[in-house]
1. Kindly indicate whether any position in the range 442-450 is without any contact (Cβ under 8 Å) to a residue 40 or more places away in the chain and either within 19 Å of residue 301 (Cα to Cα) or outside the structural domain of residue 92 (by TED's automatic domain parsing) (or both).
2. Report yes if some residue within the range 490-512 is closer than 14 Å to residue 453 by Cα, hydroxyl-bearing (Ser, Thr, Tyr) and not in a loop (DSSP other than H, G, I, E, B); otherwise report no.
3. In this structure, does residue 79 turn out to be buried (at least 23 other Cβ atoms within 10 Å of the Cβ) and either in contact with a Lys or Arg (Cβ under 6 Å, 6 or more places away or on another chain) or free of Cβ contacts under 8 Å to residues at least 60 places away in the same chain (or both)?
4. Condition first: touching a Phe, Trp or Tyr at 6+ places or on another chain (Cβ under 7 Å) and over 17 Å from residue 106 (Cα atoms). Can you find one or more residues in the range 224-235 that meet it?
5. What number of residues in the range 322-364 are assigned to a helix (DSSP H, G or I), hydrophobic (A, V, I, L, M, F, W, C) and more than 24 Å from residue 431 (Cα to Cα)?
6. Does the range 441-460 contain at least one residue that is within 29 Å of the chain's Cα centre (by Cα), among the small types (Gly, Ala, Ser) and over 30 Å from residue 329 (Cα atoms)?
7. Would you please name the residue that is farthest from residue 431 (Cα to Cα), looking only at residues in the range 68-114 that are among the basic types (Lys, Arg) and outside any helix (DSSP H, G or I)?
8. Could you say which residue among 298, 356, 380, 311 is crowded, with 21+ Cβ neighbours inside 10 Å, on the phi > 0 side of the Ramachandran plot and not polar (S, T, N, Q)?
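The values are calculated or read from the model by the stated rules, or taken from the named source; none is laboratory data. Owing to the predicted nature of the structure, the values given are computational and were not obtained by experimental measurement. Backbone-built Cβ (ideal geometry, glycine too); neighbour counts: all protein chains shown.
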Amino acid sequence: MNVAQKLIKNHLVGGEMTPGKEIALKIDQTLTQDATGTLVMLEFEAMGLRHVQTELSVQYVDHNLLQVDYKNADDHLFLQSACRKFGVWFSRPGNGVSHVVHMERFGVPGKTMLGSDSHTPAAGSMGMLAIGAGGLEVAMAMAGEPFYLKMPKIWGVKLTGHLPAWVSAKDVILEMLRRHGVKGAVHKIIEYYGPGLETLSAMDRHVIANMGAELGATTTVFPADSMVEQFLRSQGRQKDFRELLSDSPEYDEYDEIDLSRLEPLIACPQSPDNVVPVHSIAGREIYQAYIGSSANPGLRDFAVPAMMVDGLQVNPKVSFDVNPTSRQILENLTHMGFLEKLIHAGARIHQAGCNGCIGMGQAPATHKISLRTVPRNFPGRSGTKEDLVYLCSPETATASALTGVITDPRRLQMPYPDFKEPEAISINIDMLEAPNERWVDIELEKGPNIKPLPEFEELPDSLQGPVVLKAGNDISTDEILPAGAKVLPFRSNIQEISRFAFTQIDDAFYDRAIKFQRTGFFVVGGENYGQGSSREHAALAPRYLGLRAVIAKSFARIHWQNLINFGILPLVFKDPQDYEKVRLNDTLRLDNVRQSLEAGRALQVVNLSQNQRYPVEHVMSDRQKDMVLRGGLINIVRREGQPV
């Protein structure tokens, strides 16, 4: 078997390993972060659960770090109290981005991990099966329940050769996005293999695995080999190494990349797959160059830029933003002299965390180009609605910061920095709080912004309401429910955060939707509806406003499941041309919904405004149909109880 198949087989507790069939997996570890974790903890409480049943669960505070008022600070205290109550590790504010800290301190080859962050697959860089999911599914995994998904196809990508100077791991994943687009790996696990792996460090692999999410992949997997062993040894955790290699490179699909033929690449606004060679757009004036984020989190991703700017000054028109990804990396940059080089060159040093990647500060100027090493450039994600964000490697971002224009780093008159990963580094674990081993009667600390989860009724037998929004293709969860410093502080207050639903697409959405909160309404979408982040607020907030069904050409995996989790019916047009016929404000009706779902009969949407009928279908399992019928997963657990 290949590595992905071994990981699945070793954790399979239900179903068969046939692509498209539903399987159930035992989850060893969970990862939550504060932008989604507050909801996870509220869900854990709402379901009456007492103590986590996983081998290890960790709560990170890395997204909502700006404390411009009480809201984020209150959330931090709430999460700390929840960790003490439920038996979860707590990573304090400023300790770093969840993905890199988890890799440094907790990642173990051969284990499974479920995370309420879509970039959880970054841990696949060290031979884990790490999958992003909605918070409610993570809460269930924390309670000891299996994780359900459709068995993905395994896509083998063979790597040969070695990266040339000025080309790095970011260019590998940008090449994948250039070839295959944001829908290219939906319902697939990407597994990298081949002799080219010998040249990629564990953190290089993290870059590639992290942004597999932008391809729509269920996850990305690398073998646990000597490079992973070397990484764990540097972290003082060699005892956690378990070799995990492929027996035979047999896959459902194949691709191959000759690393030696790659060149510096860049994703233009406003999609990660809008990829071109850097040299083809060189010369465009930039306003900001930003290095860091979960997509380029390694020590070398800061050390190489520091060596590039050593003794120089960045262009005075450029804001050179440096986001250390973990406090440990920040300390090592300091000890090794790299931080001094960055500061002297004019860099703006920020605290260890997600920061500008999620629109939490560092927003660029309107209509000004921002080069970033972050994973996504969806419209408005930076915090500026009219942004121009380009995705690139640290080398390209730094070269451009020096010149003031988009620059192919190969054109710089300097040798490529010769950086080698140190065998030993300074370790910092002081900002990690270990959990209680068993349940402790601790009162959750809730500030005034933390509100109970709303309760939802079961699905009625007839749905009728207007189309309150009609969206296009590749609508992201950033557009359904934005992030940023204005919105993120309301993550634990569904009533308030719902006011921001779809504002990136239509400022009038809330005013229209709230009129139908009791009777319900529909949203119509194009292909790949709900791509991007795992944020379940993108399902929960519209549901609170009255959304009962989404009819689309196709759905992104995580958002599709999040809709089901909260009792929203996800339907697909049998004839994609019917999408074109539906108009905003048309009144739609679905009759005999419950009976049809229970009996497995076909569904048909009636357009009362145009006297038309559209056959629709779903691909839900019986388990998922039951969730929708009963108004969501929380209702099921509340009524049936949970043995935890």
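1. First, pick out the residues of the range 442-450 that are without any contact (Cβ under 8 Å) to a residue 40 or more places away in the chain: none.
No, that holds for no residue.
2. Quick first cut of the range 490-512, residues closer than 14 Å to residue 453 by Cα only: 490-498.
Restricting the remaining residues to those that are hydroxyl-bearing (Ser, Thr, Tyr) gives 492, 498.
Imposing the further condition that a residue be not in a loop (DSSP other than H, G, I, E, B) reduces the set to 498.
Yes: one or more hits.
3. Details: buried (at least 23 other Cβ atoms within 10 Å of the Cβ): yes; either in contact with a Lys or Arg (Cβ under 6 Å, 6 or more places away or on another chain) or free of Cβ contacts under 8 Å to residues at least 60 places away in the same chain (or both): yes.
In short, yes.
4. no
5. Keep residues of the range 322-364 that are assigned to a helix (DSSP H, G or I), which gives 327-335, 338-344, 355-358.
If we keep only those that are hydrophobic (A, V, I, L, M, F, W, C) as well, we get 329-330, 333, 338-339, 342-343, 357-358.
Filter once more, keeping what is more than 24 Å from residue 431 (Cα to Cα): 342-343.
Residues in the range 322-364 being assigned to a helix (DSSP H, G or I), hydrophobic (A, V, I, L, M, F, W, C) and more than 24 Å from residue 431 (Cα to Cα): 2 in total.
6. yes
7. Pass one, the range 68-114, residues among the basic types (Lys, Arg): 71, 84-85, 92, 105, 111.
Keeping just the survivors that are outside any helix (DSSP H, G or I) gives 92, 111.
Details: 92: 6, 111: 24 Å.
Residue satisfying both the conditions and the ranking: 111.
8. Values: 298 fails: on the phi > 0 side of the Ramachandran plot; 356 fails: on the phi > 0 side of the Ramachandran plot; 311 fails: crowded, with 21+ Cβ neighbours inside 10 Å.
Result: 380 is the single residue among 298, 356, 380, 311 that is crowded, with 21+ Cβ neighbours inside 10 Å, on the phi > 0 side of the Ramachandran plot and not polar (S, T, N, Q).
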